[in-house]
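Q: Submitted below is the structure of interest, expressed as structure tokens.
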Amino acid sequence: MHKSRKGGYDGKGVFVMKNSSDIENAPDVPAVLEKLISFEKEISVIVARNENGETRSFPVVDMSFNQEANLVEYLFSPSSITPELENEATSLALRIANELSLIGILAVEMFVTKDKKLLINEIAPRPHNSGHQTIEGNITSQYEQMLRAITNLPLGETTITKPAVMVNILGEKGYEGSAIYSGLEDILKKDGVHVHLYGKKITKPFRKMGHVTVTSNTLAEAIEKANYIKNTLKVIA
């Protein structure tokens with residue numbers, strides 16, 4: 001995998017090489033060459049730590065990526081991984097937080113390889129895209145937890161209250177300019193739909209313009225509504 005010096009974030013500046021001849025089409029910029037990992041899925045776990053050293057973890061979530069833009073499109077809570085693998089992922093994330101003497105929250109993204117091994121892909125010491133569902137789907141949100149951590153208050157309970165799917169709202173391909181949210185009223189007619197727009201006035205192809213979290217009694221129901229939202233809500237110009 002090829003990353004430009006200023007790229008590699010949210011899919012920008014990433015170039016995948018499947019064979020040696022692909023290097024001819026790679027951008028001519030300083031880069032880091034990484035091995036392409038064959039993985040089964042990508043997961044994320046968010047942990048918190050305060051000054052007293054108290055730690056808490058949020059339940060692991062699964063992520064699904066937009067293959068063209070190489071960024072998160074869906075997030076599923078709870079994860080479908082085994083309890084044993086979830087415990088391992090959580091232990092890894094907490095170990096990182098403790099080793100860094102973190103005060104705040106930390107998102108740790110991991111690959112689950114096809115032989116059920118965990119490889120850490122990214123860490124982010126801040127509220128993260130993979131924790132947005134906690135606003136409606138967990139007892140404590142990632143934002144409240146961050147404030148508790150940095151003010152050295154007791155950390156909040158992180159249990160899932162309802163299955164949730166988060167859908168990133170991305171700018172439609174082929175549109176650039178003042179953002180228009182087509183289908184917004186239609187999706188708001190559905191129960192359990194929570195829309196978060198980021199106030200960005202200009203849309204571009206695949207730009208993150210907001211997210212929608214769907215909560216439901218079952219994950220299958222939430223996924224069905226999330227697919228409807230993905231097909232209905234379009235950010236155009």
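Q: Sum -39500 (n - 2.57) across every DSSP H segment of at least 4 residues in the chain, then divide by the residue count to get the 222 nm mean residue ellipticity, nearest 500.
A: After summing the helix terms and dividing by residue count, I get -6000 deg cm²/dmol.
Q: May I pose another question? So what does the Cα-only Debye profile of the range 162-237 read at q = 0.14 Å⁻¹, as log10 I(q)/I(0), no solvent term?
A: -0.41
Q: If one computes the Cα centroid of the range 88-164 and of the range 170-221, what distance in Å separates the two points?
A: 24 Å
Q: Pairs of Cα atoms under 8 Å, at least six residues apart: use those to get the relative contact order of the chain, whole percent.
A: Computed value for the chain: 17 percent relative contact order.
Q: Kirkwood Rh over alpha-carbon pairs of the chain, then Stokes-Einstein at 10 °C and 1.306 mPa s: what D in µm² s⁻¹, rounded to an integer?
A: My calculation gives 84 µm²/s for D.
Q: Work from the charge dipole of the chain (Cβ charges, +1 for Lys and Arg, -1 for Asp and Glu, about the Cα centre) and give the residue of 170, 202, 107 farthest towards its positive end.
A: Farthest towards the positive pole: 202.
Q: Same structure, new question: Pairs 117/225; 116/162; 41/190; 41/116; 18/208: which are spaced more than 21 Å apart, C-alpha to C-alpha?
A: Result: 117/225; 116/162; 41/190; 18/208 exceed 21 Å.
Q: Taking the Cα centre of the chain as origin, sum charge times position over the Cβ atoms of Lys and Arg (+1) and Asp and Glu (-1), and report the length of that vector in debye to the nearest 20.
A: 560 debye
Where a number appears in this text, it was derived from the coordinates with a stated rule and is not lab data. Computed from a predicted model, the values in this text were never measured in an experiment. In this analysis, Cβ positions are derived from the backbone assuming ideal geometry, glycine residues included, and neighbour counts consider all displayed protein chains.
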